[in-house]
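A quick write-up on the structure given underneath.
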Amino acid sequence: MSKEKKIYLNEREMPTQWYNIVADMVNKPLPPLHPGTKQPIGPEALAPLFPMSLIQQEVSTDRWIDIPEEVQDLYKIWRPTPVHRAYNLEKALDTPARIYFKNESVSPAGSHKPNTAIPQAYYNYKEGIKSMTTETGAGQWGSALSFACQHFGINLKVFMVKVSYEQKPYRKMLMNTWGAEVIPSPSMLTEAGRKILSQNPNSPGSLGIAISEAVEVAAKDEKTKYSLGSVLNHVLLHQTIIGLEAMKQMEMTGDYPDIVIACFGGGSNFAGITFPFLRFNITQGKKTRMIACEPASCPKLTRGQFQYDFGDTAGLTPLIPMYTLGHNFVPDSIHAGGLRYHGAGAIVSQLLKDKLIEAQSVKQLETFEAGVLFARTEGILPAPETSHAIAVAIREAKIAKQEGKAKTILFNFSGHGYIDLSAYDQYFAGLLQDHEITQEEIMKSLAQLEKVI
């Protein structure tokens with residue numbers, strides 16, 4: 001492959017189905033439980049929050065699920081997304097590794113999030129829903145769902161984690177441009193928000209708190225549905241279009257990845273790029289390593305505990321089997337706001353428990369160092385979340401150099417950082433610090449959980 005060649009697909013080669021890894025898992029995810037009875041819940045328990053079409057996807061064990069034509073048409077605005085080989089980064093690292101990245105930053109919202117925002121808005125629209133609520137950490141998800149809801153004529157209320165609301169004003173403006181109402185969380189609009197503020201008026205917020213507020217508003221209005229940007233099975237399902245495209249594109253290069261890497265908040269972009277490759281590990285015995293990259297300040301995969309826990313802080317959601325730091329855990333105010341979530345999705349948690357995937361944690365300064373190096377070599381400024389994946393790709397490229405092995409590395413470039421410039425400004429000014437949670441803090445948070453399993 002020549003240095004100038006970029007790997008694209010034409011729109012006729014864009015996948016027309018999503019891949020459901022549950023069909024191929026030997027150990028299926030444990031069922032969600034009712035928070036009161038502790039008994040497994042059925043689809044009807046989710047009906048107040050989600051349209052039935054999404055609930056059916058949530059519980060499906062079918063391997064392939066068709067992508068509706070109207071969703072495909074909207075995907076074609078930016079999909080297929082390109083795979084690039086990072087030649088200049090390879091040169092800077094003096095590594096024998098071949099480094100590829102799938103560029104999901106080319107979407108209208110600048111990240112991978114529209115891959116699920118569009119079908120979620122579509123299915124709500126098809127069931128006549130006119131109003132939705134959601135939460136957002138750094139704003140990528142809120143931006144994506146705002147874009148999708150605008151297209152389908154749905155009103156959207158977004159609860160944005162307060163620290164990110166203050167750090168990233170342009171994300172709020174982007175959501176406003178697409179017609180959404182954005183509220184800093186915790187807020188005085190909900191019982192969950194008021195309770196948190198009564199305990200800590202200066203709370204920076206967390207995704208768990210924002211989820212509680214969004215769920216509460218939706219649950220109290222039968223005409224409003226809730227939407228989640230990660231964690232749940234149907235969300236991970238929609239993102240697999242990333243990995244399905246990447247598989248075809250890697251075939252065009254003649255390479256097959258030894259390592260696939262993505263940053264990790266709740267699991268959506270990690271699942272999106274890794275699950276189609278992981279399928280062949282499970283069914284054909286391939287040995288590709290799948291690495292999830294999380295912040296050292298919010299290390300649920302590397303230092304958390306596998307048990308049932310709430311997906312939100314107020315305990316309004318069903319109990320989910322997950323690796324967790326505890327639903328009351330409030331992470332440090334790092335700039336990678338999309339990764340500041342206490343738990344992992346049920347599917348990813350089961351895969352980690354079964355040692356089919358692995359995880360690494362990264363400190364904040366290492367991620368910014370990696371992001372700057374990538375921008376200087378490949379020309380694209382990454383989001384702080386994405387820089388976690390880049391940092392681990394760099395780690396693995398350096399190991400390849402030490403071992404003298406020409407490994408093939410593929411990572412998901414999940415979003416650009418052009419609305420995160422204030423974070424880079426603070427980094428260059430020396431104002432950012434590393435934060436690594438202590439074991440004492442983890443045990444204190446986990447001690448508050450009722451042990452269900």
What is the number of the single condition among (1) more than 18 Å from Ala359 (Cα to Cα); (2) crowded, with 24+ Cβ neighbours inside 10 Å; (3) of a type in the set (Gly, Ala, Ser) that Ala219 does not meet? (2)
So which residues in segment 361-385 are of a type in the set (A, V, I, L, M, F, W, C), surrounded by fewer than 24 Cβ atoms within 10 Å (Cβ to Cβ) and more than 14 Å from Pro295 (Cα to Cα), if there are any at all? Val372, Leu373, Ala375, Ile380, Leu381
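Okay, residues lined up against (1) of a type in the set (Val, Ile, Thr); (2) farther than 12 Å from Val83 by Cα:
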residue	(1), (2)
Leu237	no, yes
Ile242	yes, no
Glu245	no, no
Met252	no, no
Tyr256	no, yes
Ile261	yes, yes
Gly265	no, yes
Ala271	no, yes
Phe275	no, yes
Every pair of residues 6+ apart whose Cβ atoms lie under 6 Å, when the first sits in segment 73-85 and is free of Cβ contacts under 8 Å to residues at least 40 places away in the same chain while the second is in a loop (DSSP other than H, G, I, E, B) and of a type in the set (Gly, Ala, Ser): Trp78/Ser107
Between a residue in segment 151-167 that is under 19 Å from Ser227 (Cβ atoms) and at pLDDT 95 or above and any residue that is of a type in the set (Gly, Ala, Ser) and assigned to a strand (DSSP E or B), which pairs come within a Cβ distance under 7 Å, given they are 6 or more apart or on different chains? Ile154/Ser131; Asn155/Ser131; Phe159/Ser185; Met160/Ser185
Look through segment 171-208, keep the residues that are closer than 11 Å to Val158 by Cα and part of a helix (DSSP H, G or I), and return whichever of them is farthest from the chain's Cα centre (by Cα). Asn176
For residues that are part of a helix (DSSP H, G or I), in contact with a helix residue (DSSP H, G or I) (Cβ under 8 Å, 6 or more places away or on another chain) and either surrounded by fewer than 22 Cβ atoms within 10 Å (Cβ to Cβ) or of a type outside the set (A, V, I, L, M) (or both), tally how many sit in segment 258-287. 11
Among residues belonging to segment 214-253 that are at pLDDT 95 or above and not in a helix (DSSP H, G or I), point out the one that is farthest from Leu410 (Cα to Cα). Thr224
Pick from segment 14-28, criterion among the β-branched types (Val, Ile, Thr) and surrounded by fewer than 18 Cβ atoms within 10 Å (Cβ to Cβ), ranking: farthest from Pro119 (Cα to Cα): Val26
Is it the case that Phe329 is within 20 Å of the chain's Cα centre (by Cα), under 20 Å from Thr274 (Cα atoms) and either free of Cβ contacts under 8 Å to residues at least 60 places away in the same chain or not in a helix (DSSP H, G or I) (or both)? no
Checking Tyr170 against (1) of a type in the set (Ser, Thr, Tyr); (2) surrounded by fewer than 17 Cβ atoms within 10 Å (Cβ to Cβ); (3) touching a strand residue (DSSP E or B) at 6+ places or on another chain (Cβ under 7 Å), only one condition comes out false. Which one? (3)
Count of residues meeting criterion [surrounded by 15 or more Cβ atoms within 10 Å (Cβ to Cβ) and closer than 26 Å to Phe310 by Cβ] in segment 415-440: 2
In this structure, does Ala292 turn out to be under 14 Å from the mean Cα position of the chain (by Cα) and either modelled with pLDDT of 95 or more or within 26 Å of Thr408 (Cα to Cα) (or both)? yes
Check on Glu369, touching a strand residue (DSSP E or B) at 6+ places or on another chain (Cβ under 8 Å), within 23 Å of Gln140 (Cα to Cα), at pLDDT 95 or above and charged (D, E, K, R): no
Does Phe310 satisfy the condition of being of a type in the set (Phe, Trp, Tyr) and within 30 Å of Val217 (Cβ to Cβ)? yes
Considering only segment 304-325, I want to know if a residue exists there that is surrounded by fewer than 19 Cβ atoms within 10 Å (Cβ to Cβ) and either basic (Lys, Arg) or under 30 Å from Ser422 (Cα atoms) (or both). no
With respect to Gly142, determine if the residue is surrounded by 19 or more Cβ atoms within 10 Å (Cβ to Cβ), of a type in the set (Gly, Ala, Ser) and either in contact (Cβ under 8 Å) with a residue 24 or more places away in the chain or not in a strand (DSSP E or B) (or both). yes
From the list Pro31, Pro80, Pro48, Pro68, which residue is out of contact with any Gly (no Cβ under 8 Å at 6 or more places or on another chain), more than 30 Å from Lys398 (Cα to Cα) and buried (at least 18 other Cβ atoms within 10 Å of the Cβ)? Pro80
I'd like the residue in segment 92-139 that is under 20 Å from Gln57 (Cα atoms) and hydrophobic (A, V, I, L, M, F, W, C) and, out of all such residues, is surrounded by the most Cβ atoms within 10 Å (Cβ to Cβ). Ala117
Can you pull out the residues in segment 441-451 that are surrounded by 13 or more Cβ atoms within 10 Å (Cβ to Cβ) and in contact (Cβ under 8 Å) with a residue 60 or more places away in the chain? Ile442, Ser445, Leu446, Leu449
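The values are calculated or read from the model by the stated rules, or taken from the named source; none is laboratory data. Computed from a prediction, not measured in an experiment: that's the story for all the values here. We place every Cβ from the backbone using ideal geometry, glycine too, and count neighbours over all the protein chains shown.
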